[in-house]
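Read through the structure below, which is laid out as structure tokens, and then see the notes.
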């Protein structure tokens, strides 16, 4: 993690790094590890980014500027940062080449959908597998597994379709809580072409603009709506959800 950037972000919020550690639920001693270049867990990074109003990539030093909806920059700065983001994500080597059917079933059960929906690009209508679902139907908490899946630029059609379908699940669950298309568009946090495709019901996912939501998009929706990642992925609320 870029510790100097962390300190800068903390100063903007008028808090110390030790206070931030306390806010995200870890011991103050972690700041020494961060100062030496160590990285927190993904869960802690998400909490830090939310507290500091920044993207995870900016916190890690992978972005030149903080591409959050509340920040305003000139077009050249955004293009430069977006190019760096594209290269850093597109060149990740720890992404699996394929996902086996067993993994699809586990992911689908967590997302409350038919496994076939995740791999069928021609089906653009999400239908929950269970109505009035409760948290005790989860075999495990997969929030950060799903976040990881949405953090990659898709390397093949399989990944692209899955990201599109998960994006449709997110938008469906938000709509069920009152955040419809008009509300999501009003946040000006997600590329209009991305939303045009996701809301249109188009099935030609090979179009150049047919990409799902990236993690930074989902985090922006988390911030703007006040709805948890768990709710957006599963439709099941937790204590942090605002509605």
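Taking the conditions (1) over 12 Å from residue 52 (Cβ atoms); (2) not in a helix (DSSP H, G or I) in turn, residue 22 satisfies each one other than (2). Checking the stated criteria, residue 139 turns out not to satisfy the condition of being within 17 Å of the chain's Cα centre (by Cα) and surrounded by fewer than 19 Cβ atoms within 10 Å (Cβ to Cβ).
Looking only at segment 178-194, how many residues end up being under 16 Å from residue 163 (Cβ atoms) and touching a helix residue (DSSP H, G or I) at 6+ places or on another chain (Cβ under 6 Å)? Working first, answer last.
Initially, segment 178-194 is screened for residues under 16 Å from residue 163 (Cβ atoms), giving 190-191, 193-194.
Within this subset, residues satisfying the condition of being touching a helix residue (DSSP H, G or I) at 6+ places or on another chain (Cβ under 6 Å) are 190.
Summing the residues that are under 16 Å from residue 163 (Cβ atoms) and touching a helix residue (DSSP H, G or I) at 6+ places or on another chain (Cβ under 6 Å) in segment 178-194 gives 1.
Looking at segment 178-190, is at least one residue under 18 Å from the mean Cα position of the chain (by Cα), under 18 Å from residue 158 (Cα atoms) and surrounded by 13 or more Cβ atoms within 10 Å (Cβ to Cβ)? No: segment 178-190 contains no residue that is under 18 Å from the mean Cα position of the chain (by Cα), under 18 Å from residue 158 (Cα atoms) and surrounded by 13 or more Cβ atoms within 10 Å (Cβ to Cβ). Counting the residues of segment 101-136 that are assigned to a helix (DSSP H, G or I), more than 19 Å from the chain's Cα centre (by Cα) and touching a residue at least 60 places away in the same chain (Cβ under 8 Å) gives 1. Against the numbered list (1) over 21 Å from residue 133 (Cα atoms); (2) modelled with pLDDT of 90 or more; (3) not in a loop (DSSP other than H, G, I, E, B), residue 231 comes up short only at (1). Candidates in segment 192-227 are the residues that are surrounded by 18 or more Cβ atoms within 10 Å (Cβ to Cβ), in a loop (DSSP other than H, G, I, E, B) and more than 11 Å from the chain's Cα centre (by Cα); of these, the one that is modelled with the lowest pLDDT is 205.
The values are calculated or read from the model by the stated rules, or taken from the named source; none is laboratory data. Keep in mind it's a predicted model, so treat the numbers as computed, not measured. In this analysis, Cβ positions are derived from the backbone assuming ideal geometry, glycine residues included, and neighbour counts consider all displayed protein chains.
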